[in-house]
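Undergrad: Handing you a structure now.
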Amino acid sequence: MTQQATRPAPATGRTAFLFDLDGTLVDSVYQHVLAWREAMAVVGIDLAVWTIHRRIGMSGGLMANAILRETGHAVTPEEAGRLLTLHAQAYARLSAQVRPLPGARELLAYLTRVGVPWAIATSGRIESARPTLEALGVGPEAAVVTRDQVAHAKPDPDLFLAAAERLGVDVTASVVVGDSVWDLLAARRARALGVGLLSGGYGQDELERAGAYRVYQDPADLLRHLDEVGVRAAE
C-alpha cells in the first residue's frame, strides 16, 4: 500500500513576513493606473485616473463592479477578460520604468540574513509580476504567490493564506505588509498582523482604519523599525 505524502504542519509562533508587491516593494502603482486607463479607453470606458488608483490591488471582478458603480457600464465576462489582456499589454510597455522602492532590497536581504521567512503575494498575474520581480532582484528560489494561483484576489485572504502555507508558517503569526486598504482588509480576514506603507498613495488614517497595526513611509522606514513588529536579529 502506497503511503500518501503529508503536508508539514505550520511552524506555530514563527514570525514570517508576507509582502504585497506593487506599491509595497516596487514603485509601480502609477504605471498600473495608466495601464488600466489605457485598457478602459480602448473599450470605451472613461474613468478618472484618481478613481482607478483607489481600486489598484483589488481583484478583477471587484474592479468590474467598481466600473459599473462609477460609470453605469456593465462589464461582461468577455469584456473583463479583454480588459485584463489590454492592461497586461499596456503595463508591459511601462514596466521598464518600474524601480524598487527605497530599502526594499535591503529589507528582504536583512530578513533572509536573520532567518525570518518571507514571501510575496500579489494580485498581479505572473506575466505582469515577472518583470517587476526581476527589477526587485527576486530569484526563482523566493516564495511568490500570484493571482493565477488562487481562487480570489484581495480583499479576500487567499493570497496571504497561500503564501503562509508555501512558507510552512502559521498565518496568524505572520506580518502582512501592504500599501493599500485591500491588502490590509485581506490581512485582517486572514487573521494576520497588518502593517501599512504610505508608498502606494493611501493615507495613514485610511490604512489604520483598514487594520494597520503600524504605518511606515516605505520599506526603508520599516527596516529601521523592525523591532516594533517583533523582529530580532536572534530569530
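Undergrad: Helix-derived [θ] at 222 nm for the chain: sum -39500 (n - 2.57) over DSSP H runs of at least 4, divide by residue count, nearest 500?
TA: After summing the helix terms and dividing by the residues of the chain, the value is -13000 deg cm²/dmol.
Undergrad: Would you rank ASP148, ASP20 by solvent-accessible area, highest first, keeping every protein chain in place and using a 1.4 Å probe?
TA: ASP148, ASP20
Undergrad: Using modelled backbone amide H atoms (1.01 Å from N, in-plane), which distant-in-sequence or interchain residues come within less than 5 Å of VAL26's amide H?
TA: LEU101
Undergrad: Another question, if that's okay. Any chance you could give the angle, 0 to 90 degrees and rounded to 10, that helix 158-167 forms with the longest Cα principal axis of the chain?
TA: 30
Undergrad: While we're on this one: Amide H neighbours of PHE17 under 5 Å, at least 5 residues apart or on other chains, H built in the peptide plane: list them.
TA: Correct list: TRP118, ALA119, VAL175.
Undergrad: Multiply the residue separation of ARG82 and GLN204 by 0.36 nm, subtract the distance between their alpha-carbon atoms, and state the gained length in nm to one decimal.
TA: 40.5 nm
Undergrad: As I understand it, the value is the acute angle between the Cα axis of helix 29-42 and the longest principal axis of the Cα atoms of the chain; what does it come to in degrees, rounded to 10?
TA: 30
Undergrad: Looking at the chain, what % of its DSSP beta bridges pair antiparallel, to the nearest 5?
TA: 5
Undergrad: Still on this structure, I have one more. Treating the angle as unsigned and between 0 and 90°, give the value, to the nearest 10°, between the Cα long axis of helix 126-136 and the longest Cα principal axis of the chain.
TA: With rounding to tens, the tilt is 60 degrees.
Undergrad: Which of the listed residues, GLY57, LEU159, PRO102, is farthest toward the dipole's positive end in segment 44-171, when Lys, Arg count +1 and Asp, Glu count -1 at the beta-carbon?
TA: Comparing the listed Cα positions along the dipole, PRO102 ranks first.
Undergrad: Please list 3J(HN,Hα) in residue order for segment 209-224, calculated via the Karplus relation 6.51 cos²θ - 1.76 cosθ + 1.60 where θ = phi - 60°; whole Hz, with x for glycine and proline.
TA: Going residue by residue, I get 5, 7, x, 5, 6, 9, 10, 10, 5, 6, x, 5, 5, 4, 4, 5 Hz, with x marking Gly and Pro.
Undergrad: Provide the descending list of Cα extents for segment 172-224 along its principal axes, expressed in whole angstroms.
TA: 24, 21, 13
Undergrad: Sticking with this structure for a sec: Considering the Cα positions of segment 141-189, please state its Rg to one decimal place and its Dmax as a whole number of Å.
TA: Reported Rg and Dmax, both Å: 10.2, 29.
Undergrad: Moving on. For GLN97 and ASP46, compute 0.36 nm times the residue count separating them, minus their Cα-Cα distance, and round to one decimal in nm.
TA: Result: 15.9 nm gained on full extension.
Undergrad: Here is a further query. For VAL215, which sequence-distant residues (separation of 5 or more, or a different chain) have an amide H within less than 5 Å of its own amide H, given hydrogens modelled in the peptide plane?
TA: Under 5 Å from the amide H of VAL215: GLY196.
Undergrad: Sticking with this structure for a sec: Among VAL215, VAL181, VAL114, whose mean-square fluctuation peaks in a Gaussian network model of the chain (Cα, cutoff 10 Å)?
TA: VAL114
Undergrad: Related question: Work out, in µm²/s and without decimals, the Stokes-Einstein translational diffusion coefficient of segment 61-213 at 20 °C, 1.002 mPa s, Rh from Kirkwood over C-alpha pairs.
TA: It diffuses with D of about 128 µm²/s by this estimate.
The values are calculated or read from the model by the stated rules, or taken from the named source; none is laboratory data. Note that the structure is a prediction, hence the values are computed from the model and not measured. Because the Cβ atoms are built from the backbone with ideal geometry, glycine has one as well, and the counts that use them run over all protein chains shown. These accessible areas exclude ligands, DNA and RNA; they are computed on the full protein's heavy atoms, side chains included. Shrake-Rupley method; radii C 1.70, N 1.55, O 1.52, S 1.80 Å.
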